[in-house]
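Below is one structure; the comments refer to it alone.
The values are calculated or read from the model by the stated rules, or taken from the named source; none is laboratory data. This one's a predicted model, so the numbers in the text were calculated from it and none came from an experiment. Every residue, glycine among them, receives a Cβ derived from its backbone with ideal geometry; neighbour counts consider all protein chains shown. What goes into the accessible areas is simple: the full protein's heavy atoms, side chains included, and nothing from ligands, DNA or RNA. Shrake-Rupley method; radii C 1.70, N 1.55, O 1.52, S 1.80 Å.
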Amino acid sequence: MEHQYEANNSIQGALHDYKLGLGVFTEKMPELAHHYHAFTEECFKAGSLSQKDKQLIALGISLYSQDEYCIIYHVKGCIDQGATEEEILEAVGVTAAFGGGAAMSQAVTLVQEAMTELNNLQ
């Protein structure tokens, strides 16, 4: 009997769906997935920029490109790297200044929902 995953909220559900999809992709395309993971892992290592700074940048790019899974994933990354709500919202503001209403609409909905739900998990 297959176990059905029950998310406590929509944000956890989206993260779960992303990880499941990534797992299936990795099974079907192991070499490509390996190289992709190695590349992104290297990109997000601390260097001149901290991992927190890199997550804040990634969140801005995710907002600008309207990628809901990446928005959620990088809000979580920001929180995991110790970003405060104010830092996340400042990054959102910069993105909205560049990306306009589309970025702001994600900021006032999905980003705030993700921060609330992910902070309640800690």
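Some observations on this one:
- Electrostatic dipole magnitude of the chain [Cβ: Lys, Arg +1; Asp, Glu -1; Cα centre; debye, to 20]: 220 debye
- Of the trypsin sites (Lys or Arg not before Pro) found in region 32-110, those that fall in a DSSP loop while having at most 11 other beta-carbon atoms within 10 Å are Lys45.
- Taking the convex hull of the alpha carbon positions in the chain and averaging its projected area over all directions gives 8.7 nm².
- At 1.002 mPa s and 20 °C, Stokes D of region 24-73 from Kirkwood alpha-carbon radius, µm² per second: 176 µm²/s
- Accessible area per residue in Å² at 1.4 Å probe, computed on the chain: 65 Å²
- Using a probe radius of 1.4 angstrom, the carbon and sulfur fraction of the accessible surface of the chain is 57%.
- Axis of helix 85-106 versus longest Cα principal axis of the chain: the two differ by about 90°, to the nearest ten degrees.
- Within the chain, the longest run free of exposed loop sites, counting GluC sites (Glu not before Pro) that sit outside DSSP helix and strand states (H, G, I, E, B) and have at most 10 other Cβ atoms within 10 Å, spans 7-122.
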